[in-house]
Amino acid sequence: MNNNGPEGVFLILRKDGFIEKIIDHGSDVPLTMESFVDLMDIGSQAKASLFIQEINDKGAAYNWELNLKNLKTYHFSGFMADERIYAVGAARKEDMIKIYRLVDTELPETPEMGPSAGGDVREELFDELTRLNNQLSAARRELLKKNLELEKALKEKEMLLREINHRVKNNLMIISSILNIQSRYVKDRDDLMLFREAQSKARAMAMLHERLYTSGKHRRVDFGEYLRGLVRDLYQTFLSDPGRIALETDIDEAELDINTVVPLALIVNELFTNAIKHAFPEGKKGRIRVSFKKGDGSYILAVEDDGVGLPENFDLQSTSSMGMQLVKSLTDQLNGNLKVESEGGTRFSIEFRDWK
């Protein structure tokens, strides 16, 4: 077969579908097959029978997709004339008419369809295949144009999102730097802690936008890696004597949506700083543990310590603590379930699902 020619097959069949002649155009079909149906993969044999039946009933059939025994998908068309079926199959829809023209001498001069058929079926088939070919070419041109437009728009969107993440990260780092400079003039220990907490929140968000900028994903964040970096940063920021409190982590890998990661980052920030501020008074030693585990369709994030525990009258639902109210609000934003335990220390855990 000419490498530039159409790939397909032309068949002359009896009305019952048995093969009288095959002209192969590189289809690699077995030439010893007795019937049209036998050429097909078992999954297409019933459909091939319907194809033959439609030609018997209506005089012609256009563009049926059938799978050959070699698992190639071919487009088949055919018509009835002189008690014979003339059928063509091609790997590409537009090649069917090319093969018909290559085997023009094999076609009957005046196909007889009976008085109700009206006209030359061969010309009708050519016209139909030409129309399909023109439609396909026009659709391909339009699809190519749309794909180019979408590709351009997608690149522009990606560049815009990268620039936004970069600028947001830079602005948050500027805010963090300003808070750091101003904190040098603060003498009161509680006020200084407030400055550091605000600074850590800004830095946590800056870290997040930096990851989005460098990963190029724009919406999905490797939360395990991000969480480890966030916890290390908080540990170094709030502990002047890190040997006094040990840090433990048990963090799974998972990609989460940005709408999930933002509230989680603020929750970790709040719970971790609370543990440092309140769990180990008067120089008490201990440990803080942060874990993030994947479950069956959900995730569990926990921050726990082995410190002095919560006050006996602590009630999560009625607490006036602004930090706890923030944690509750952010958990609600995630549609998560917040659980608090205080035996031999304090454990906050949040079960949630990724944002959809």
Protection proxy ranking, peptides 8-17, 274-283, average beta carbon neighbours within 10 Å, highest first: 8-17, 274-283
Semi-axes of the equivalent ellipsoid for the range 235-341, Cα gyration tensor, largest first, Å: 24, 18, 12
Pairwise Cα inverse-distance average, inverted: Kirkwood Rh of the range 280-356 (Å): 13.7 Å
Among 243-250, 19-26, the order from most to least packed when residues are scored by Cβ within 10 Å on average: 19-26, 243-250
Amide proton proximity set for Gly26, modelled H, under 5 Å, gap of 5+: Gly8
Å² of accessible area per residue within the range 52-106, as computed with a 1.4 Å probe and no ligands counted: 43 Å²
Heavy-atom surface of the range 233-356, accessible at 1.4 Å and reported per residue (Å²): 51 Å²
Links that overshoot a 29 Å alpha carbon limit, given the list Lys93/Lys157; Lys155/Lys201; Lys277/Lys339; Lys72/Lys155; Lys93/Lys146; Lys58/Lys145: Lys93/Lys157; Lys155/Lys201; Lys72/Lys155; Lys58/Lys145
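The values are calculated or read from the model by the stated rules, or taken from the named source; none is laboratory data. Here the structure is a predicted model, which means the values were calculated and not measured. Don't worry about glycine lacking a Cβ; one is built from the backbone with ideal geometry, like all the others, and counts go over all protein chains shown. These accessible areas exclude ligands, DNA and RNA; they are computed on the full protein's heavy atoms, side chains included. Shrake-Rupley method; radii C 1.70, N 1.55, O 1.52, S 1.80 Å.
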